[in-house]
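The values are calculated or read from the model by the stated rules, or taken from the named source; none is laboratory data. Keep in mind it's a predicted model, so treat the numbers as computed, not measured. Cβ placement follows ideal geometry from the backbone for every residue including glycine, while neighbour counts extend to all protein chains displayed. Heads up: the accessible areas ignore ligands, DNA and RNA and are worked out on the full protein's heavy atoms, side chains in. Shrake-Rupley method; radii C 1.70, N 1.55, O 1.52, S 1.80 Å.
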Amino acid sequence: MSLIGRTAFVTGAGSGIGRATCQVLARDGANIIAADVNEANARKTIELIDKSESKNLSIAIDVSKSSNVKHVLDKVLETYKKPPSIIVNCAGITRDNFILKLSEENFQEVIDVNLKGTFLVLQAFANAIIEHQISPASIINIGSVSSKNGNMGQANYCASKAGVELLTKTAAKEFGKVGIRVNAVLPGFISTPMTAIVPEKVKAILLKQIPLARLGNPEEIAEVISFLASEKSSYINGASINVNGGMV
Ligand code: NAP
């Protein structure tokens, strides 16, 4: 229960890793603001945590739109009177295709949600955290194992996640002095709706690359996020933590 008294803002909270993160952070004592482009799914996440919804909130957000991110921050400040001290950037999409067939639109869409969206949320909420002198504060961004070495058919996704990792390291350098730690978690192959669409034959190939010989569960990512959110990780800043069963 190391997050009692803290409030966590989680994007992509209506599904997969984001939903599991909300559940684990709530279990560890945090109030939860579940934000997702799909508001009904974010609401469902809050219902799974707390039927009374007293200290928790669900909210619609499109992380790729700065005006929308600002609107959401205003709503959060209106409700809680201060910004959350835990920010988790989980919202993400894939639009896979081989480079020669990848459309400009699909390239841009993935960059806009995964990289620009992480930047917009991080910038807006860090500003508010600094303005309200909230400390300690922790921002956790979700990268990917595939940003390390690339992945066939995922040029847009790998590029966006490599960007997230370096955005994280830069933010850690800029915000350290104001008591905001910024870290990245790099999941491997995790069983969520995002990977449910991966064809079975591709899954079989990927499984051979995982020494633990299984997919990860969203909760196994969420536990690391909770650790990074808490003061148990008080000297970890600018790190990228692999949670991938040993996959390379
Ligand atoms: P997921 O189940 O698809 O969840 C992602 C959530 O983000 C969905 O609810 C999605 O809504 C929402 N979202 C999409 N666009 C958004 C936007 N513009 N603004 C706000 N929310 C938006 O995926 P996941 O597997 O949990 O992935 C969570 C994060 O982990 C992502 O950043 C992903 O890239 C990363 N990751 C996942 C894996 C894996 O193996 N699953 C591995 C490495 C990294 P819709 O469903 O309506 O689009």
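Mind checking which strands (runs of 3 or more DSSP E) fall wholly inside segment 4-75 and carry at least 1 residues that are closer than 21 Å to residue 160 by Cβ?
7-11, 31-36
Residue check, residue 54 against (1) under 12 Å from residue 8 (Cβ atoms); (2) surrounded by fewer than 20 Cβ atoms within 10 Å (Cβ to Cβ), all met but one. Which one?
Among (1) under 12 Å from residue 8 (Cβ atoms); (2) surrounded by fewer than 20 Cβ atoms within 10 Å (Cβ to Cβ), the lone unmet condition for residue 54 is (1).
What about residue 122, is it within 15 Å of the chain's Cα centre (by Cα) and more than 13 Å from the ligand (Cβ to nearest atom)? Full working, then the answer.
On the way: within 15 Å of the chain's Cα centre (by Cα): yes; more than 13 Å from the ligand (Cβ to nearest atom): yes.
Answer is yes for this residue.
Looking at segment 203-223 only, could you name the residues that are under 17 Å from residue 151 (Cβ atoms), aliphatic (A, V, I, L, M) and either open to solvent by less than 70 Å² (accessible area, probe 1.4 Å) or within 11 Å of the ligand (Cβ to nearest atom) (or both)? Walk me through it before giving the result.
As a first pass, look at segment 203-223 and keep what is under 17 Å from residue 151 (Cβ atoms): 203-210, 215-216.
Next, from what is left, pick out any that are aliphatic (A, V, I, L, M): 204-207, 210, 215.
Those that are under 17 Å from residue 151 (Cβ atoms), aliphatic (A, V, I, L, M) and either open to solvent by less than 70 Å² (accessible area, probe 1.4 Å) or within 11 Å of the ligand (Cβ to nearest atom) (or both): 204, 206, 207, 210, 215.
I'd like to check something: does segment 75-83 contain any residue that is within 16 Å of the ligand (Cβ to nearest atom) and open to solvent by less than 30 Å² (accessible area, probe 1.4 Å)?
At the first step, the residues of segment 75-83 found to be within 16 Å of the ligand (Cβ to nearest atom) are 75-76.
Adding the requirement that they be open to solvent by less than 30 Å² (accessible area, probe 1.4 Å) leaves 76.
Yes: one or more hits.
Residues checked against (1) of a type in the set (Ser, Thr, Tyr); (2) within 9 Å of the ligand (Cβ to nearest atom); (3) surrounded by 13 or more Cβ atoms within 10 Å (Cβ to Cβ):
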residue: 166; (1), (2), (3): no, no, yes
residue: 176; (1), (2), (3): no, no, yes
residue: 183; (1), (2), (3): no, no, yes
residue: 186; (1), (2), (3): no, yes, yes
residue: 192; (1), (2), (3): yes, yes, yes
residue: 197; (1), (2), (3): no, no, no
residue: 201; (1), (2), (3): no, no, no
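Taking residue 136, is it more than 29 Å from residue 203 (Cβ to Cβ) and in contact with a His (Cβ under 6 Å, 6 or more places away or on another chain)?
Numbers: more than 29 Å from residue 203 (Cβ to Cβ): yes; in contact with a His (Cβ under 6 Å, 6 or more places away or on another chain): no.
For residue 136, the condition - more than 29 Å from residue 203 (Cβ to Cβ) and in contact with a His (Cβ under 6 Å, 6 or more places away or on another chain) - is not met.
Among the numbered criteria (1) more than 19 Å from residue 116 (Cα to Cα); (2) under 20 Å from the mean Cα position of the chain (by Cα), which single criterion is violated by residue 240?
For residue 240, the exception is condition (1).
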